[in-house]
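Single-structure report; data block below.
The values are calculated or read from the model by the stated rules, or taken from the named source; none is laboratory data. A quick note: this is a predicted structure, and the numbers were derived from the prediction, not measured. No Cβ is skipped: glycine too gets one built from the backbone with ideal geometry, and neighbour counts run over all protein chains shown.
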Amino acid sequence: MLRVYRRSVPGKELPPKASAGVEPFQHPDVGRLTVEGREKALAVGRHAEAAEGELGPHQSRADAGGRHTGELPAELIFDSQLTTHENLSKLNQQGIFFITLRRRSRKMLGEIYSRPASAWQRITLDSLTRTFRTPRVLDEHVTLQGYDGPLRQLTVIDLGHEEPTVLLTNHLKIGQAVLITRYAQRMLIENNISEAIQFFHLDALSSRVGLKVDFDLQLTLMASSLYRLMARRIGREYQRAQPKTIFRNLLDLSAKVEIETTRVIVTIDKRAHNPCLVASGLADKPARMPWFGDKQLHIRFA
């Protein structure tokens, strides 16, 4: 399953799950294309055609919810394996903006490392959560065989990777920091999808019936949100921890449970990570359980 990320068409409303007051530019739509390895180079073009509604006999429906806008996407963000230089040129002629990685050859790496220090520009990324916020960028226009039109190449180092990151785009006026952050959003989406599959088992739905599948997805979203809220409440190193880490350190534990007439007392056994739960204040006040005779839940630590 290959995924292509598409910016919402300007002027259209945000998807229902998007946060209010946030620009559409910050919420890529996830398009899905089922293709075999030999068809990877055609995937991006197929996604654009499917989003517009023009499907060939062997083309898959794109757009995560099966919705088609009837218009070409405003922007596509994808991996370098999903297209060719000729297809990039076609996207440019169609007026579709794109951001993609460029494959790095030994010759290209040698040319990059041979550039003088004066050719590089130090920039600051706006995101406050990044560890590497001040990479160096080499911003230049390049020509590629099979591509007709202006093409911009951003080579980025000091971004936390061993080798330079090389981006190709037909965005000629957008700032460097915006482009780099924009492409990084693709990786965040990939991480969220991986998390939903590996920990919440999103790929193991309980039924083929649409109603049950929708219910499974809704429960997954609720569970993921609850983990994020808990991580934010605890703070410290857990603020950016994955759900599997939160579960292993803070929730997968043993305790003594006492059920009384009006309350339930849960005494958690001693664990190295209990101080994080104590400091968060999650157990300071009893929680009401209307589904269990309206008893009060009291959490204590041994």
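Structure notes:
- Looking only at segment 129-156, residues that are more than 22 Å from the chain's Cα centre (by Cα) and not in a strand (DSSP E or B) come to 10 in all.
- Flag if ILE265 is surrounded by 16 or more Cβ atoms within 10 Å (Cβ to Cβ), in contact with a His (Cβ under 6 Å, 6 or more places away or on another chain) and either of a type in the set (A, V, I, L, M) or on the phi > 0 side of the Ramachandran plot (or both): yes
- Answer from ALA287, ALA255, ALA302 - the residue that is modelled with pLDDT under 90 and more than 16 Å from TYR227 (Cα to Cα): ALA302
- Hey, LEU154 under 19 Å from SER114 (Cβ atoms) and surrounded by 12 or more Cβ atoms within 10 Å (Cβ to Cβ) or not: yes
- Subset of segment 229-246 (residues that are surrounded by 14 or more Cβ atoms within 10 Å (Cβ to Cβ) and either over 27 Å from ASP294 (Cβ atoms) or in the same structural domain as GLY281 (by TED's automatic domain parsing) (or both)): ALA231, ILE234, TYR238, ALA241, GLN242, PRO243, LYS244, THR245, ILE246
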